[in-house]
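Since the structure comes first, as structure tokens, the remarks are kept for the end.
The values are calculated or read from the model by the stated rules, or taken from the named source; none is laboratory data. Computed from a predicted structure; not experimentally measured. Cβ: placed from backbone, ideal geometry, glycine included. Neighbour counts: every protein chain shown.
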Amino acid sequence: MGKFWNYTNSSNKMSPHMLLISLLSSMVLEVWCQSDCSYQKLLKSLNLENASKVRPVRNWKNASIVNIDLTLYTIVDLDMSTQTATTFVWFYMAWTDEYISWNPGDFCGIKKLFVNSDYFWKPDLYIYEMTENDDNSPEIPYYILRNNGQIINAMPLRIISTCNLNIYKFPFDIQTCKLSFGSFMYTVSDIVMWPKSNSSVVNQNAKDVFASKDEWELQSVAVYNTTHKTMGLEYSQVIYSIYIKRVAVIYVLNLIIPACFLVFLDIASMFIHNYENRLDFKITVVLGFSVMLLILNALLPNSDSTPMLGTFCCICMAMMILSVIGTIATSYMTEKSTTNSQVPVWVKVLVLKHLARIILFKKDFAKEELVTPVTADNDPENAKKSETNEDVSDQRRALENDSNVKKEVKLLKRILSEILRIHRKLILDMQQKDEQTEWSLVAQIVDRLVLILYLSIVTLVFIIMICVWTI
Ligand SMILES: *[C@@H]1O[C@H](CO)[C@@H](O)[C@H](O)[C@H]1NC(C)=O
């Protein structure tokens with residue numbers, strides 16, 4: 001343009017005055033022409049319609065390096081039954097197109113261009129854990145081109161991915177969900193994925209923006225890159241591990257504490273002395289506990305690993321049932337003690353002798369000692385011996401003295417026999433009482449045994465639970 005004007009000017013013969021004017025005007029025109037600083041011009045000169053549709057490297061042996069970054073925004077959902085996690089992330093990906101470049105000086109200093117174009121090559125990003133192609137991701141169709149050929153693609157992504165859930169420590173569990181980004185087609189010799197920022201930066205970014213959603217709280221995010229081998233081919237991957245922790249307060253308040261209260265109530269009911277009342281009470285508590293179990297069942301996620309909490313509740317239920325059976329047994333035994341039936345020998349040996357010793361039942365021994373001397377005294381031979389002694393003395397007297405005395409002796413004999421009968425009856429009564437006390441002793445020992453078993457097993461299970469949850 002400048003040249004043209006110069007040419008037309010020079011064709012005329014003119015004064016220096018006119019020359020100055022024409023020079024000035026040519027300069028103005030020059031500036032006006034160069035002031036086409038539009039993106040349009042740059043885009044036209046880049047000629048993207050003919051941009052490379054294959055991997056844009058000048059030597060095919062050079063791998064394209066794809067830089068990846070991810071900021072976790074929120075966990076939308078973690079489905080326990082299907083074991084899938086829905087996450088929402090802000091994703092960044094950058095690579096270099098060796099055929100795109102310009103000098104910013106030629107284009108009024110434009111260094112980057114926002115372009116909505118499908119013309120150039122893009123890496124085929126694939127998320128290995130993805131189970132659904134979700135169309136709910138917001139569509140951001142822009143790419144950033146830098147003058148050195150770098151292409152940046154940043155977009156929000158809604159990812160539905162598998163997540164292997166381990167609910168052993170439920171509700172104090174920490175879950176790990178992985179997101180592996182890589183190319184589906186290109187092997188490691190073509191595309192190499194690199195994380196843009198290291199774990200601490202990724203973690204800090206996520207913590208800064210993470211929007212807490214109902215049940216889950218972000219623990220940390222870590223990133224590492226690796227090569228994934230499959231079917232003899234190697235693929236480059238960048239893997240983000242997301243550690244999330246369940247907010248357990250709801251479960252503690254609605255489930256664990258009420259269950260513990262019920263167990264304590266059941267243990268306390270072991271100290272009700274009236275067995276019938278105790279049985280009624282216990283059945284009510286068991287009912288309440290089974291309602292708790294129903295709620296737990298609805299809350300518990302389906303998984304191949306059983307949660308410790310379920311096992312704990314099961315053991316508590318078993319102990320409750322055991323104590324109910326124990327109460328039934330003791331009430332049966334007290335019933336027996338009112339009808340005068342004998343305690344079977346094997347029960348005597350097993351319960352009164354061995355069990356009593358094992359559970360250190362003190363009262364029992366004191367009573368048994370009291371019982372044994374009475375039974376030892378109670379042989380009729382002793383009585384008979386005394387009788388014969390009296391007979392001997394009577395005979396002696398009879399030989400010495402008169403018939404009056406004989407009458408008195410007869411009377412005395414009768415009295416003696418009466419006394420003997422009373423003695424025998426007393427002994428029999430005592431034996432019966434012994435049997436009664438024996439039955440109630442057996443009942444007490446069984447009751448004590450159940451209580452000790454109950455307490456020790458529940459305490460043990462409690463300790464194991466707390467260990468599992470805190471470690
Ligand atoms: C991981 O990425 C770094 C650069 O961030 C790179 O130097 C390293 O070779 C990569 N490792 C693998 C296994 O790809």
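Say whether the condition of being of a type in the set (D, E, K, R), surrounded by fewer than 19 Cβ atoms within 10 Å (Cβ to Cβ), free of Cβ contacts under 8 Å to residues at least 12 places away in the same chain and in a strand (DSSP E or B) is met by at least one residue in the stretch 227-247. Steps first, answer last, please.
Narrowing the stretch 227-247 to residues of a type in the set (D, E, K, R): 229, 234, 245-246.
Filter again for surrounded by fewer than 19 Cβ atoms within 10 Å (Cβ to Cβ), leaving 229, 234, 245.
Filter again for free of Cβ contacts under 8 Å to residues at least 12 places away in the same chain, leaving 229.
Add one more test, that the residue is in a strand (DSSP E or B), and what stays is 229.
Taking every residue of the stretch 227-247 in turn, at least one turns out to be of a type in the set (D, E, K, R), surrounded by fewer than 19 Cβ atoms within 10 Å (Cβ to Cβ), free of Cβ contacts under 8 Å to residues at least 12 places away in the same chain and in a strand (DSSP E or B).
Taking the stretch 201-218 as the search range and keeping residues that are charged (D, E, K, R) and either closer than 15 Å to I174 by Cβ or assigned to a helix (DSSP H, G or I) (or both), which one is farthest from the ligand (Cβ to nearest atom)?
Only one residue tops the list, namely E215.
Which residue, of L265, L296, is more than 20 Å from I174 (Cβ to Cβ) and in contact with a Cys (Cβ under 9 Å, 6 or more places away or on another chain)?
L296
Could you check the stretch 219-237 and list, in sequence order, the residues that are in contact with a strand residue (DSSP E or B) (Cβ under 6 Å, 6 or more places away or on another chain) and either more than 16 Å from the ligand (Cβ to nearest atom) or at pLDDT below 90 (or both)?
Hits for the stretch 219-237 are Q219, S220, V221.
Looking for whichever is surrounded by 13 or more Cβ atoms within 10 Å (Cβ to Cβ), within 21 Å of L460 (Cα to Cα) and at pLDDT 85 or above here; the options are V286, V347. Which one fits? Before the answer, list the steps.
Numbers: V347 fails: within 21 Å of L460 (Cα to Cα).
Checking each option against the conditions leaves just V286.
Please find, within the stretch 150-204, the residue that is surrounded by the most Cβ atoms within 10 Å (Cβ to Cβ) out of those that are charged (D, E, K, R) and touching a Phe, Trp or Tyr at 6+ places or on another chain (Cβ under 8 Å).
Initially, the stretch 150-204 is screened for residues charged (D, E, K, R), giving 158, 169, 173, 178, 190, 196.
If we keep only those that are touching a Phe, Trp or Tyr at 6+ places or on another chain (Cβ under 8 Å) as well, we get 158, 169, 178, 196.
Details: R158: 17, K169: 19, K178: 17, K196: 16.
Among residues in the stretch 150-204 that are charged (D, E, K, R) and touching a Phe, Trp or Tyr at 6+ places or on another chain (Cβ under 8 Å), the one surrounded by the most Cβ atoms within 10 Å (Cβ to Cβ) is K169.
Would you check if there is a residue in the stretch 184-200 being part of a helix (DSSP H, G or I), under 30 Å from M317 (Cβ atoms) and of a type outside the set (F, W, Y)?
Quick first cut of the stretch 184-200, residues part of a helix (DSSP H, G or I) only: 199-200.
Next cut, under 30 Å from M317 (Cβ atoms) only: none.
No, the stretch 184-200 contains no residue that is part of a helix (DSSP H, G or I), under 30 Å from M317 (Cβ atoms) and of a type outside the set (F, W, Y).
I'd like to check something: does the stretch 269-276 contain any residue that is part of a helix (DSSP H, G or I), of a type in the set (D, E, K, R) and over 27 Å from the mean Cα position of the chain (by Cα)?
yes
Any residue in the stretch 263-271 that is without any contact (Cβ under 8 Å) to a residue 12 or more places away in the chain, surrounded by 15 or more Cβ atoms within 10 Å (Cβ to Cβ), on the phi < 0 side of the Ramachandran plot and away from the ligand (no atom under 16 Å from the Cβ)?
No; the residues of the stretch 263-271 include none that is without any contact (Cβ under 8 Å) to a residue 12 or more places away in the chain, surrounded by 15 or more Cβ atoms within 10 Å (Cβ to Cβ), on the phi < 0 side of the Ramachandran plot and away from the ligand (no atom under 16 Å from the Cβ).
Only one of (1) within 23 Å of N225 (Cα to Cα); (2) among the β-branched types (V, I, T); (3) at pLDDT below 95 fails for V192. Which number is that?
Failed condition: (3).
Regarding the stretch 404-423, can at least one residue be identified that is outside any helix (DSSP H, G or I), over 19 Å from P344 (Cα atoms) and modelled with pLDDT under 90?
For the stretch 404-423, residues outside any helix (DSSP H, G or I), over 19 Å from P344 (Cα atoms) and modelled with pLDDT under 90: absent.
Kindly list, by first and then second residue, each pair from a residue in the stretch 117-133 that is closer than 19 Å to Y235 by Cα to a residue that is crowded, with 17+ Cβ neighbours inside 10 Å and hydroxyl-bearing (S, T, Y), limited to pairs with Cβ atoms under 6 Å and residues at least 6 apart or on different chains.
Close Cβ pairs satisfying both conditions: P123/S183; D124/S183; Y128/S180; E129/S161; M130/S161.
If you take just the strands (runs of 3 or more DSSP E) that sit entirely in the stretch 87-153, which of them hold at least 1 residues that are modelled with pLDDT under 90 and under 30 Å from N203 (Cα atoms)?
Those strands (runs of 3 or more DSSP E) span 130-132.
Can P195 be described as touching a Lys or Arg at 6+ places or on another chain (Cβ under 7 Å) and either within 16 Å of the ligand (Cβ to nearest atom) or touching a residue at least 24 places away in the same chain (Cβ under 8 Å) (or both)?
no
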